[in-house]
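Below is one structure; the comments refer to it alone.
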Amino acid sequence: MNMSYKSGLRTALLMLFALTLTACGEQEEAPVKLDPVAFHEADECHVCGMIIADFPGPKGQAVERNEVKKFCSTAEMLSWWLQPENRILDARLYVHDMGQSQWDQPDDGHLIDARKAWYVSGTPLKGAMGASLASFADQAAAEALAAEHNGTVLHFDEIDQEFLQQAAAAQLKAQQAQAQAAQVTTDFFIIRAPYDAVVIDVPAMQGDMAMPGMPLLSLFDPKLLRASVAVPVAAAEQAQLSAKDTTALRVLHEQRALTVENIQVLPTADRATHTLRLRIGVANEKGDLFPGQHVKVMLPHAATAEQDQRLFIPKAAVLQRAELTAVYVLSEQGKPLLRQVRLGVADNERVEVRSGLAVGERVLLDRHAVSKE
């Protein structure tokens with residue numbers, strides 16, 4: 001009897017334990033809440049890796065069972081979600097409700113379901129990378145923003161990759177236009193020289209107020225030099241000066257002829273002196289000419305009727321013996337005669353004879369040949 005009782009008791013305990021295991025196995029798992037989470041200062045965008053807090057405008061997040069992906073803008077989140085491999089994920093999408101938040105600092109207490117939100121594109125509001133899509137829970141608030149900036153309102157279901165690309169391109173074009181307008185405004189405060197030059201004087205001091213006509217800088221371009229000279233009106237007319245005829249005059253610096261590049265005759269005469277102002281552009285091949293230096297300007301054909309024409313001979317014809325300056329002149333019989341002369345200005349090849357020779361007389365160039373004879 002005792003053994004039978006123990007056997008029955010053992011069987012009852014095993015059955016009770018099995019029922020307990022069966023009851024435990026039938027318990028349902030608690031549902032996982034996919035609620036939105038707050039953004040933090042160090043959060044990085046899942047797509048671009050940028051710090052999310054560095055950008056204004058609404059943000060987005062995809063909340064999964066074991067992970068939360070955060071995005072620096074609604075456009076970044078939508079672009080990520082529209083990828084085929086992401087749409088099969090069990091994730092809840094959230095965006096900021098800008099009807100309840102400031103653009104520069106969206107409120108994490110107003111994160112709404114992205115699938116039920118309304119989005120506005122085409123506004124000048126600045127955001128992160130890509131297009132700036134303002135998200136709203138209320139359709140009327142979205143339409144009000146779109147009407148203010150001539151934007152477009154779309155629901156979540158109406159947004160695709162093509163739209164995001166077009167919106168990003170339009171956003172880039174608008175930002176480039178803004179940058180160009182800002183550059184134009186900035187140019188109002190920048191003074192640009194008309195050519196590359198060396199600053200030789202700064203009459204204005206830091207803090208001075210710039211006024212119209214006030215000199216700010218004095219520039220010197222070694223390649224662009226000009227001589228300014230006043231000549232009698234009659235001489236200028238007789239010389240028939242022209243901007244194209246650079247051979248009408250000669251410019252000398254320390255007895256060296258300079259290359260004349262252009263001539264400008266100012267179209268006004270000085271009433272007191274009866275002179276015209278000439279601006280003569282000269283070349284500075286050697287780089288040894290500087291503003292303020294003096295040059296001589298010669299008008300070979302500018303003599304008036306009462307004046308003798310200037311006489312020039314080659315330098316090779318001049319003979320210098322101690323204090324004697326002379327040339328060999330051929331007589332009517334063809335004999336060389338030594339004659340003293342007084343010289344004037346000279347250049348590389350010619351020298352002016354102020355006295356001792358007359359027009360039409362012939363001089364010998366090879367004076368050494370006369371000495372040998």
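The values are calculated or read from the model by the stated rules, or taken from the named source; none is laboratory data. Being a predicted model, the structure only gives us computed values, none of them experimental. All Cβ positions, glycine included, derive from the backbone under ideal geometry; neighbour counts span all protein chains shown. When the accessible area is computed, the model is the full protein with side chains, heavy atoms only, and any ligands, DNA or RNA have been set aside. Shrake-Rupley method; radii C 1.70, N 1.55, O 1.52, S 1.80 Å.
Quick notes on this one:
- Conditions (1) in contact with a Lys or Arg (Cβ under 9 Å, 6 or more places away or on another chain); (2) among the acidic types (Asp, Glu); (3) open to solvent by less than 80 Å² (accessible area, probe 1.4 Å): number failed by residue 160: (1)
- Close pairs from the range 334-362: first surrounded by 15 or more Cβ atoms within 10 Å (Cβ to Cβ), partner among the hydroxyl-bearing types (Ser, Thr, Tyr), Cβ under 9 Å, at least 6 apart: 336/328; 341/325; 341/355; 343/325; 356/325
- Residues located in the range 216-269, provided they are touching a residue at least 24 places away in the same chain (Cβ under 8 Å) and acidic (Asp, Glu): 221
- Total residues in the range 210-229 satisfying the condition of being modelled with pLDDT of 85 or more, part of a loop (DSSP other than H, G, I, E, B) and under 19 Å from residue 294 (Cβ atoms): the figure is 0.
- Of the residues making up the range 126-142, those that are farther than 18 Å from residue 115 by Cβ and either part of a strand (DSSP E or B) or open to solvent by 50 Å² or more (accessible area, probe 1.4 Å) (or both) number 3.
- Residue satisfying all of: in the range 56-89; of a type in the set (D, E, K, R) and assigned to a helix (DSSP H, G or I); most open to solvent (accessible area, probe 1.4 Å) among these: 87
- Any chance residue 358 is at pLDDT 85 or above and outside any loop (DSSP other than H, G, I, E, B): no
- Close contacts from the range 74-86, counting a first residue that is at positive phi and without any contact (Cβ under 8 Å) to a residue 24 or more places away in the chain and a second that is assigned to a helix (DSSP H, G or I) and buried (at least 17 other Cβ atoms within 10 Å of the Cβ), with Cβ to Cβ under 6 Å and a gap of 6+ residues or different chains, come to none at all.
- Taking (1) touching a helix residue (DSSP H, G or I) at 6+ places or on another chain (Cβ under 8 Å); (2) outside any loop (DSSP other than H, G, I, E, B) in turn, residue 123 satisfies each apart from (2).
- Take the conditions (1) touching a Pro at 6+ places or on another chain (Cβ under 9 Å); (2) farther than 25 Å from residue 49 by Cα; (3) of a type in the set (Val, Ile, Thr); residue 95 misses just one of them, which is (2).
- The residue pairs whose first member lies in the range 119-135 and is at positive phi, whose second member is modelled with pLDDT of 85 or more and among the hydroxyl-bearing types (Ser, Thr, Tyr), and whose beta carbons are closer than 8 Å, counting only pairs six or more residues apart or on different chains, are 122/152; 130/73; 130/79.
- Inclusion of residue 329 among residues that are at pLDDT 85 or above and among the hydrophobic types (A, V, I, L, M, F, W, C) is warranted.
- Reported count of residues in the range 180-209, each being aliphatic (A, V, I, L, M), assigned to a loop (DSSP other than H, G, I, E, B) and surrounded by 10 or more Cβ atoms within 10 Å (Cβ to Cβ), is 4.
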